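Colleague: Before we start, here is the structure in question, set down as structure tokens.
Bear in mind these aren't lab numbers, they're just calculated from the coordinates by the rules spelled out. What you see is a predicted model; the values in this text were computed from it and never measured. Here the Cβ positions follow ideal geometry from the backbone for every residue, glycine too, while neighbour counts run over all protein chains shown.
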Amino acid sequence: MSEDIVDVLIVGAGASGAAVAWSLADTKMRIVCLEQGGWTNPSDYPSTGVDWENRHWGSFGIDPNQRGRETDYPINGSNSPIAVANFNAVGGSTILYAGHFPRFHPSDFRVKSLDGVADDWPIDYEILEPYYDENDRMMGVSGLEGDPAYPPKPQIMPPLPLGKSGQTLAKGFNSLGWHWWPSDTAIATEDYDGRGKCINLGGCYTGCAQGAKASSDITYWPHAIRAGVELRTHCRVREVTVDDNDFATGVTYFDENGVERHQRAEVVILACNGVGTPRLLLNSTSPRFPNGLANRSGLVGKNLMFHPYALIVGVFPDELDGYKGPGVCIWSQEFYETDESRGYLRGFTFECTRGRGVVGTALTGLGYGHIPWGSGHHAAYRKLHNRIAGMSAICEDFPEEHNTVTLDPDLKDSNGIPCPKIDYTVSENSEKMLQFAIERATEVLKASGATDILTECPIAHGGWHLMGTARMGTDPERSVVNEWGRCHDVKNMFVVDGSTFVTSAGVNPTRTIQALALYVADSMKKRLTNLFD
Amino acid sequence: MTNSQELIATESLSDSHCLVLNSLLDTMIPPDSTLSIPGAGDPAIVERIVKSIRVGALQQVSEGLNEVEALTHESSGLRFVECDQAEREECFHSYGLAQRSFIRTLGSIAIHCYYTDPRVMESLEMEPRPPFPQGFELEQGDWSLLDPVRERPKIYRNIP
Ligand SMILES: Cc1cc2nc3c(=O)[nH]c(=O)nc-3n(C[C@H](O)[C@H](O)[C@H](O)COP(=O)(O)OP(=O)(O)OC[C@H]3O[C@@H](n4cnc5c(N)ncnc54)[C@H](O)[C@@H]3O)c2cc1C
């Protein structure tokens, strides 16, 4: 069954889909977004129950294979040391994200010119800057002006409190003369745009019942819908269809009742994230695109970047914040830029974490042999309770063609659509960087007063940043989309999620993903009369 | 790929398994009268633990409990439930039970249920309530700690 033609069809209602929908809404075009998940109800979020940590491993878990909601699709991650983490719903993975919200730096767009590695982006910080600012206003960013690690940027709300954990770690950084700054966060510290301010529930990564964390279901979407965008939930897209002139004609999808439909569209925008978008493109084969849509470069699904993470936490003699407050706290970019004497190129951000809940503390203690089963259990637990804090190191990952998203020959979702398979290895450069980060983190944790240091490297369940699988560039043979997000091979199809990243930088990606989505939308609006030339 | 929603009903463990389970849980996390806290074998906690065992893990746990019984009997001639805490712990550690996968499964569930029990939370000076809607207080902290960082010149790189 085929439906009326719409002007713009967006697939995916997560961080990027929401931003592009909102930005395009002022054109008054007919815009429809198809999202395989539904709306989440904040009263269902784990933090509304005492057992919130337990429920984090259940229906609000970060691993789609373990979570197994009807709205999820399984992912074969058996050939990757890092498992994909995501969430499929209106708001996408921002429902579960931590809200750590750094921007890229000017240097991040020029790694080839500066360090001779990977590729330069076809755009730069200056081009994205106004879109960063616009996105900051829409999401509501908290932070403090004056960070020497960044060009000046506006402050919208004050930063999150330092708390006991932040102060303790800050003293450690100061004693070594290292950079630190309160993290920019997508967490409202004041009432903002109809959302309540943060009340320190903790467990931001299980969904924010207070609505202080800026997931895109409560930031962009209400505005986009008010402006006329139609959002259809529980609609899973199987493939993008094309005509003989290499133009997308629309998408085939399964509606909420499992009925297969075809939605015609003048323009198709993909916002399914760095795994969902290549999956959809690879599933969209046709005589003119036998290897997947927009894949004449052969690069769809290649160059997957995750950001290998190391977790380094210390045990402190005094009580810190523990389960209270957002996990995110302060960051350090002391080791962000390349210093070849370290034995690797590029760098990383330390994202400091305040502490963990009672269950997390006990499981950590048992896992690392700090808490025994039996008579010593309670005394050992009490030495860790509210006394664990530290950081994770977000390491820049380079684009490497052998790190891929392909289609698994056997795995299918509940609609019978082939599912992704991940092949990924941690590079030698990343291994060295991770090791260096662990050593520096150990140093600063000890300087902060920590006694024991616990590490995990790479964080096995930490594939939460999905980038590079439909990269941006000016050369159609070396990239999938052009410098404003349009597919080289299909002139009425755009990609706005992290797939388009040329390089990953050493920071969390979502602020840049959304700024890019706004930039792509604006580029489209500026070219409405000759969009397909 | 298991579905996290699948839980078993309480009655799916036999009475004798339940007895061993109670003792085993109390061995792993014993009651402590000085702290006024129950062990993980406390009936209310066990009830929640049993309800949280997934269908797929039930058989693993039942087989594990049989093994505990058999090992204890082999070493002391006693049933596990007849042993005192010290003897049970001795058995637990000497047979390396902590490394067994059924103990990992059971232990993780036990931790989730035990540390969210109101009596245990209160003993840790926590209010036995969900985080939402009251939230928690977090101190602002001393922002003058930033002074030395503010004095630094910019550390981001110039682009030629
Ligand atoms: C636990 C966790 C913590 C994180 N913490 C941070 C953080 O602190 N800071 C940060 O910057 N980032 C963080 N991230 C990453 C962040 O959530 C993502 O970068 C961001 O959400 C990506 O936006 P997106 O639009 O590309 O994709 P998503 O937000 O993942 O949205 C994609 C949407 O597309 C839908 N979709 C996919 N395929 C189809 C299809 N075939 N048909 C219909 N719909 C489809 C999905 O259901 C989903 O809703 C975290 C992620 C996780 C999981």
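Colleague: How compact and how long is segment A:268-391, expressed as Rg and Dmax of its alpha-carbon atoms in Å?
Modeller: For segment A:268-391, the Cα-based Rg and Dmax read 22.4, 69 Å.
Colleague: Determine the equivalent ellipsoid of segment A:128-183 by diagonalising the alpha-carbon gyration tensor, then write out the semi-axes as square roots of 5 times the eigenvalues, largest first, rounded to whole Å. Intermediate results must be reported in sequence, preceding the final value.
Modeller: Numbers: eigenvalues 128, 38, 8 Å².
Ellipsoid semi-axes (Å, largest first): 25, 14, 7.
Colleague: Another question, if that's okay. Given H placed on each backbone N at 1.01 Å, which residues far from A:Gly390 in sequence or on other chains put an amide H within less than 5 Å of it?
Modeller: When sequence neighbours closer than 5 places are left aside, the close amide H contacts are A:Gly314, A:Thr353.
Colleague: Give the residue list of GluC sites (Glu not before Pro) in segment B:63-156 that are DSSP loop and have at most 12 other beta-carbon atoms within 10 angstrom. Before the final figure, lay out each step's value.
Modeller: Details: sites: B:Glu63, B:Glu67, B:Glu69, B:Glu74, B:Glu82, B:Glu87, B:Glu89, B:Glu90, B:Glu122, B:Glu125, B:Glu137, B:Glu139, B:Glu151; in loops: B:Glu125, B:Glu137, B:Glu139, B:Glu151.
Answer in residue order: B:Glu125, B:Glu137, B:Glu151.
Colleague: OK, next. Can you work out ³J(HN,Hα) from phi for every residue in segment B:144-150, in order, using Karplus 6.51 cos²θ - 1.76 cosθ + 1.60 and θ = phi - 60°, giving whole Hz and x for Gly and Pro?
Modeller: These are the phi-based 3J(HN,Hα) values: 5, 4, 7, 3, x, 6, 4 Hz.
Colleague: I would also like to ask the following. In nm, to one decimal, how far is the A:Asn415 label point from the A:Asp120 one, both placed 7 Å along Cα→Cβ?
Modeller: Between A:Asn415 and A:Asp120, the simple spin-label model gives 4.1 nm.
Colleague: Counting C-alpha atoms alone, how compact is segment A:477-533: give Rg to one decimal and Dmax as a whole number, in angstrom.
Modeller: In Å, with Rg to one decimal and Dmax whole: 11.8, 38.
Colleague: Connecting C-alpha atoms closer than 10 Å in a GNM of chain B, tell me which of B:Ala70, B:Ala40, B:Ala86 has the biggest fluctuation.
Modeller: Of B:Ala70, B:Ala40, B:Ala86, the most mobile in the Gaussian network model is B:Ala86.
Colleague: Let me ask something additional. Once you've got the GNM for chain B with C-alpha springs shorter than 10 Å, pick whichever of B:Asp142, B:Asp117, B:Asp26 has the biggest mean-square fluctuation.
Modeller: B:Asp142
Colleague: Can you tell me the Rg and Dmax of segment B:3-129, counting just the alpha carbons, in angstroms?
Modeller: 14.5, 45
Colleague: A follow-up question, please. Please report Rg over Rh for segment A:254-296, where both radii come from the alpha carbon positions and Rh follows the Kirkwood definition.
Modeller: Working: Rg = 11.9 Å, Rh = 11.9 Å.
Reported Rg/Rh (Cα atoms, Kirkwood Rh): 1.00.
Colleague: Placing one identical point scatterer on every Cα of segment A:391-481 and ignoring solvent, what is log10 I(q)/I(0) from the Debye formula at q = 0.15, 0.19 Å⁻¹?
Modeller: Debye intensities relative to I(0), on a log10 scale: -0.79, -1.01.
Colleague: Now, a different point. For A:Asp475 and B:Arg157, what does the FRET efficiency come to when R0 = 30 Å and r is the distance between their Cβ atoms, rounded to the nearest 0.05? Before the final figure, lay out the partial values.
Modeller: Working: r = 26 Å, r/R0 = 0.86.
That pair, A:Asp475 with B:Arg157, gives E of 0.70.
Colleague: Continuing with this model, one more query. Given a Förster radius of 25 Å and the C-beta distance between A:Arg30 and A:Glu129 as r, what FRET efficiency does 1/(1 + (r/R0)^6) yield to the nearest 0.05? Please report the intermediate quantities before stating the final value.
Modeller: Details: r = 31 Å, r/R0 = 1.25.
Efficiency, rounded to the nearest 0.05: 0.20.
Colleague: Lys and Arg at +1, Asp and Glu at -1: add these up for the other residues within a Cβ distance under 15 Å of B:Ala44 and post the number.
Modeller: Numbers: positive: B:Arg48, B:Lys51, B:Arg119; negative: A:Asp51, B:Asp26, B:Asp42, B:Glu47, B:Asp117, B:Glu122.
Around B:Ala44, the surrounding residues sum to -3.
Colleague: Just grab the label-to-label distance for B:Phe136 and A:Asp244, each label 7 Å out from Cα along the Cβ direction, in nm (one decimal).
Modeller: Using points 7 Å along Cα→Cβ, the separation is 6.6 nm.
Colleague: Now for a different question. Viscosity 0.890 mPa s, temperature 25 °C: what is the translational diffusion coefficient of segment A:382-533 from Stokes-Einstein with a Kirkwood Rh over Cα pairs, rounded to a whole number of µm²/s? Please list the in-between numbers first.
Modeller: Numbers: Rh = 18.6 Å.
For these conditions, the coefficient is 132 µm²/s.
Colleague: Follow-up. Give the Debye-formula value of log10 I(q)/I(0) at each listed q (0.10, 0.12, 0.14, 0.21 Å⁻¹), with one equal scatterer per alpha carbon of segment B:80-160, two decimals each.
Modeller: -0.62, -0.72, -0.78, -1.10
Colleague: Take the alpha-carbon centre of segment A:411-490, take the same for segment B:13-52, and report the distance between them in whole Å.
Modeller: 42
Colleague: Take the Cα atoms of segment A:19-128, find their three principal axes, and give me the spread along each one in whole Å, biggest first.
Modeller: 50, 45, 28
Colleague: Another question about this same structure. Can you list which of the GluC sites (Glu not before Pro) found in segment A:129-211 are DSSP loop residues with at most 12 other C-beta atoms within 10 Å? Kindly include the intermediate steps, with their values, before the conclusion.
Modeller: Values: sites: A:Glu134, A:Glu145, A:Glu190; in loops: A:Glu145, A:Glu190.
Counting only loop positions with at most 12 other Cβ atoms within 10 Å, the GluC sites (Glu not before Pro) in segment A:129-211 are A:Glu145.
Colleague: Let me ask something additional. Seen from all sides and averaged, what is the projected area of the convex hull of the Cα atoms in chain A, in nm²? Kindly include the intermediate steps, with their values, before the conclusion.
Modeller: Values: hull surface 91.9 nm².
Orientation-averaged projected area of the Cα hull: 23.0 nm².
Colleague: Counting only residues 5 or more places away or on other chains, whose amide H sits under 5 Å from the amide H of A:Asp408 once H atoms are built in the peptide plane?
Modeller: Those qualifying (amide H under 5 Å, at least 5 residues apart or on another chain) are A:Cys419, A:Lys421.
Colleague: Could you name the lysines in cross-link range of A:Lys526, using Cα to Cα under 19 Å and dropping any fewer than eight places away on the same chain?
Modeller: Those lysines meeting the cut-off are A:Lys28, A:Lys491.
Colleague: If you count, for every residue in B:148-155, the Cβ atoms of partner chains within 10 Å of its Cβ, what is the mean? Could you put the intermediate results ahead of the total?
Modeller: Numbers: counts 8, 13, 5, 1, 5, 1, 6, 10.
Mean inter-chain Cβ contacts per residue within 10 Å come to 6.
Colleague: Determine the calculated [θ] at 222 nm for the protein assembly as shown from helices alone, applying -39500 (n - 2.57) to every DSSP H run no shorter than 4 residues and normalising by the residue count; nearest 500 deg cm²/dmol.
Modeller: On the way: 19 runs with 207 residues, N = 693.
Mean residue ellipticity, 222 nm, calculated: -9000 deg cm²/dmol.
Colleague: Throw me the Rg/Rh for segment A:73-211, computed over C-alpha atoms with Kirkwood Rh, two decimals.
Modeller: Working: Rg = 17.7 Å, Rh = 17.7 Å.
Taking Rg over the Kirkwood Rh, I get 1.00.
Colleague: What is the local net charge at A:Lys164, summed over the other residues whose Cβ is closer than 13 Å to its Cβ (Lys, Arg +1; Asp, Glu -1)? Mind dumping the intermediate values first?
Modeller: Working: positive: A:Lys171, A:Lys324, A:Arg354, A:Arg387; negative: A:Asp318, A:Glu319, A:Asp321, B:Glu137, B:Glu139, B:Asp142.
Here the count lands on -2.
Colleague: Ok, one more. Just grab the label-to-label distance for A:Lys112 and A:Glu190, each label 7 Å out from Cα along the Cβ direction, in nm (one decimal).
Modeller: My value for the distance between the label points is 4.4 nm.
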